[in-house]
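Undergrad: Structure provided below as structure tokens; questions to follow.
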């Protein structure tokens with residue numbers, strides 16, 4: 001669904017930070033509301049079903065098509081993936097780069 005959101009952003013010229021946040025909600029919160037899912041969310045008492053992404057915020061998750069680090073169902077870890085890190089061999093540059101470290105300052 002991150003791929004779908006990313007494509008939608010580009011096709012619809014929705015490149016403002018507000019538009020990108022809206023697209024993230026369009027693939028997460030809004031479908032859950034439309035399906036009237038009980039126990040959806042991160043508040044106390046919810047089912048604790050979630051995907052933890054390798055991104056600093058929802059906008060970066062869509063922009064980077066973030067890697068799924070953890071999949072949790074009913075509070076239990078059911079899948080795990082290592083962080084995606086790029087290795088460089090360039091003089092004066094860091095040896096490894098995690099794309100999630102490059103979110104703009106003040107991103108929300």
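The values are calculated or read from the model by the stated rules, or taken from the named source; none is laboratory data. The shown structure was predicted, so the numbers you read here are calculated from the model rather than taken from an experiment. Counting neighbours? That spans all protein chains shown, and the Cβs are built from the backbone with ideal geometry, glycine included.
Undergrad: Got a number for residues in region 34-48 being at negative phi and modelled with pLDDT of 90 or more?
TA: The first filter runs over region 34-48 and keeps only residues at negative phi, leaving 34-35, 37-38, 40, 42-44, 46-47.
Of the ones still in play, those that are also modelled with pLDDT of 90 or more are 34-35.
Within region 34-48, residues that are at negative phi and modelled with pLDDT of 90 or more number 2.
Undergrad: Tell me which helices (runs of 4 or more DSSP H) are completely within region 13-82 and hold 1 or more residues being touching a residue at least 24 places away in the same chain (Cβ under 8 Å), in contact with a helix residue (DSSP H, G or I) (Cβ under 9 Å, 6 or more places away or on another chain) and within 17 Å of residue 100 (Cα to Cα), or say none if there are none. So that I can check it myself, show each step before the final result.
TA: Numbers: elements: 17-26, 29-34, 58-64.
Answer list for region 13-82: 17-26, 58-64.
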